[in-house]
1. On a straight-distance basis, which aspartates and glutamates could pair with LYS49 in a cross-link, Cα separation under 12 angstrom, same-chain partners fewer than 8 positions away excluded?
2. Using 7 Å Cα-to-Cβ label points, what is the ASN82/GLN128 separation (nm, one decimal)?
3. Using the Cα centre of the chain as origin and beta-carbon charges of +1 (Lys, Arg) and -1 (Asp, Glu), tell me which of CYS53, TYR83, PHE115 is placed farthest towards the positive end of the dipole.
4. Just need the relative contact order of the range 142-199 here, percent rounded to a whole number, with Cα pairs under 8 Å and 6+ apart.
5. Starting from the Cα of GLU103, step 7 Å along the direction of its Cβ; do the same at LYS191; then give the gap between the two resulting points in nm.
6. Which residue, ASN82, ASN111, ASN39, has the most motion in a Gaussian network model of the chain that connects Cα atoms within less than 10 Å?
7. What does the helix-only formula give at 222 nm for the chain: each DSSP H stretch with n ≥ 4 adding -39500 (n - 2.57), the total divided by the residues, and the result rounded to the nearest 500 deg cm²/dmol?
8. Given a 1.4 angstrom probe, I'd like the percentage of the accessible area of the chain that is carbon and sulfur, rounded to a whole number.
Amino acid sequence: MEKYQTILERYHLDDSQLTNYQMAHIQPRKIIVQDGQFNPYLWLVTSGKVKVCSMTKNGENLILSYYVSGGVLGDIELLTDNYVATATVITLSEVTCLKIPLEENLDYLKNNLAFISELAKGLTHKLQDSSSNHLSTALFSGEERLCTYILRGMYKGYFQDNLREVSETLGLSYRHVSRLLKKLSDAQIIKRKNKVFMF
């Protein structure tokens, strides 16, 4: 109950005004929301890490943002009255979220100005992160992009992600990413244990 209250208070939500919300525990490497699919929920992330990506026309992923122990998913759907997801959300670790059905709680959510203000702040941070990611992709070397990606994707000191997806996101070949990781490992900048990387 405390977890409910803490996250609800953070977003200025009163549990007595909400209906049918619940805590969800999701395992790593699971898709929470699929780009182009119906998303009837507002997700308040309470712990864990997810990556938010959008597919380009050639089928490659583009990372938009990261969340660590906080953040909102489904905010764009709520504010645009369009419950079709605009991005894919994949868990990188075990994730805990508070799931709030949008339609049942729409009036309360949209008329709660303090809550809408928090959503606006969150969207501003997402825009800044997206701009920063775009800038780093355009200006940084492959090694710098990979290191930045790993640092942003770390959770509790570890990085674990699908290297094929990493290479697609960074615009590098899988082979080049493997070579860069070996170089970083040989230089003892990162440590590798199976498919997990640590600094």
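1. GLU94, ASP161
2. Reported label-point gap for ASN82 and GLN128 is 2.7 nm.
3. CYS53
4. Details: 42 pairs, mean separation 20.3, N = 58.
So the answer I get is 35 percent.
5. 5.1 nm
6. Fluctuation is largest for ASN111.
7. So the helix-based figure for the chain works out to -13000 deg cm²/dmol.
8. On the way: 5720 of 10940 Å².
Carbon-and-sulfur percentage of accessible area, whole number: 52.
The values are calculated or read from the model by the stated rules, or taken from the named source; none is laboratory data. Remember, predicted model here, so these are calculated numbers, not experimental data. We place every Cβ from the backbone using ideal geometry, glycine too, and count neighbours over all the protein chains shown. The accessibility values were calculated without ligands, DNA or RNA, using every heavy atom of the protein model including side chains. Shrake-Rupley method; radii C 1.70, N 1.55, O 1.52, S 1.80 Å.
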